[in-house]
Every structure is written in C-alpha cells, then in structure tokens.
Amino acid sequence: MTNKATKDPQSMSFLDHLEELRWHLIRATLAIVLVAIFAFIFIKTIFTDIIFALRDPNFISYRVLCGISETFGMEKGCLEEMPFNFISTEMAGQFSAAIWTSITTGFVVAFPYILHEFWKFISPALYEKERKHSRGFIIVSSILFFIGVLFGYYIIAPLSVNFLATFSVAEVVENQIKIGSYISLVRASVIASGFIFELPIIIYFLSKVGLVTPEFMRRNRKYALVIVLILAAVITPPDISTQIIVAIPILILYEISIFISKMVVRRENKKNKKLTTQTR
C-alpha cells in the first residue's frame, strides 16, 4: 500500500487530490477550533478589552480623531460618551455572540497555519525553485493580513462606530443596539480589511499565471480608483472623509501591486528567454 505522503502528485487521481484537500481542510479547521476554544476561555477579557473598547470615548482612535478635529477647528470630532447601549433580545444571544467571536478569533490567529495548509496543497504542482519561497509567501501574506486586521480595528471599525452611534434622526429615538449587530460590524470591518490587504499576493499569483500584467493595471488605474471608492463606501459609513481615509491605503496597495506585477513579468520573461536559448 502506497503511503499518502510519498505519492507522486502526477500519478494521483482526482479523488486522491480531493482526499488530500479534505485532510488539509480538516487540519486547518482543527487549528481554528483549538484557538477558538482557548479564546472562549478568555471571552470576557476579549469582549471587555478588545471588542467593547471601541465604545470607550478614550479609545486611542477617538483621541487621535479628536486631536485632528481640534487642529482644523471642528467641534464634532471629540466624543464625551457613546449614546447607545447594548441589548440581547434572544435567549441564546450572548452565548451565540461569544461562540462566533471565539471562532472569528480562531480564524484570525490561525491564519498563518491556514495559509501553510493551503500552500502544502498547491506546492506539489510548483517547480522546486518556487517551493523554496513557501516560507516567504506565508510570512508576507500573514503580515499583510494582520496589518489589514489592525487597520480595520483601529481605523474602519472606530470610524464606523463613531458615525453610526452619533447619527440621529430625532432626539426622541434612543439607540438600543443588538449585541449581534455591533459584533457583526466590528467583525466585517476587521476581516474585510485583512483580505483587502492581501491584494499584492493575489496580484503576484495572477501575474505568475499571466492573467494580469503591469500594463493592464496601469491602463485600468482609473477604473481601479472607482472600484476602490465604491469598496470604501461599502465597508465604511456614508462619510466622505472616512471613505478617503480607507481608500488611500488601498490605492497604495494597488500601486505596490503594479510594481510586484512588473517584477514577476520581468522574471518570467527572462526565464522564457533562457528556456528558448537552451532549446535552440
């Protein structure tokens, strides 16, 4: 009986590849679950010091926003209190919030290992020289993801909470926010930002397979700007200044992606020329 670990990828059938994928997914899921269990043990600390910290007017992002507002003579930039309270309208509401928060924490913390399992699945189809860059791929992708998570937590989520909490159609309306609604906002801001910051990695692979070129990205820069502004409008509240703050780093990532695409295409062209010379 052939050992699964020693199978030649070229000789593996479609079902063999599915079996390999199944085990990679199982291991990645187990990593998420293990971290989620650990997070659930400290769930009160996570809620108090991380999630509900965005409700504190002294949160660092609000202090920075207040300082910027005072510099430009704006009166509404500083908060004294967040005019809303949390409520749970379902019997299992708080328990569900704790479970999903633990799972989200598990996914974020275990992200490097998830990438590692993903890379182990696709690496047999790559050249030996490309496999040597696996460590760099995992490290760079993880760093970009965590930077995106921090950007979502310290920029997008506070701006969204600030805007939506202080917006009012009339004084007679009191904000009684469902805890699930609040957590969904924070979770979406953090996870979406993490994936958005993976743009250079995505462009690297698309350039590798020839689907994207730097010329294509430069030629469509104006369309990319429109898409970025739409994306910023989707993940942030309808406030122009907030959308600009979110759009700037995404545009910087787009320019970095053009440079990465240029480097990849140049390297692939050199490799093709070398192969052409050797075959003559």
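The values are calculated or read from the model by the stated rules, or taken from the named source; none is laboratory data. Since we're looking at a predicted model, the values are computed, not measured. When the accessible area is computed, the model is the full protein with side chains, heavy atoms only, and any ligands, DNA or RNA have been set aside. Shrake-Rupley method; radii C 1.70, N 1.55, O 1.52, S 1.80 Å.
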**Fill in**
For Lys178, other-chain or 5+-apart residues with amide H closer than 5 Å (H placed, Pro excluded) are Ile87
**Asked** What accessible surface, in Å², does a 1.4 Å probe find on Val149, ignoring ligands, DNA and RNA and rounding to the nearest 10?
**Response** 20 Å²
**Order of exposure, largest accessible area first, which applies to Tyr62, Tyr154, Tyr204 with probe 1.4 Å** = Tyr154, Tyr204, Tyr62
**Prompt:** For the stretch 149-213, what mean projected area does the convex hull of the alpha carbons give, in nm²?
**Reply:** 6.1 nm²
**Prompt:** Going by accessible area, probe 1.4 Å, with all protein chains left in place, what is the ranking of Met217, Met91, largest first?
**Reply:** Met91, Met217
**Solvent-accessible surface ranking, highest first, for Met82, Met263 at 1.4 angstrom** = Met263, Met82
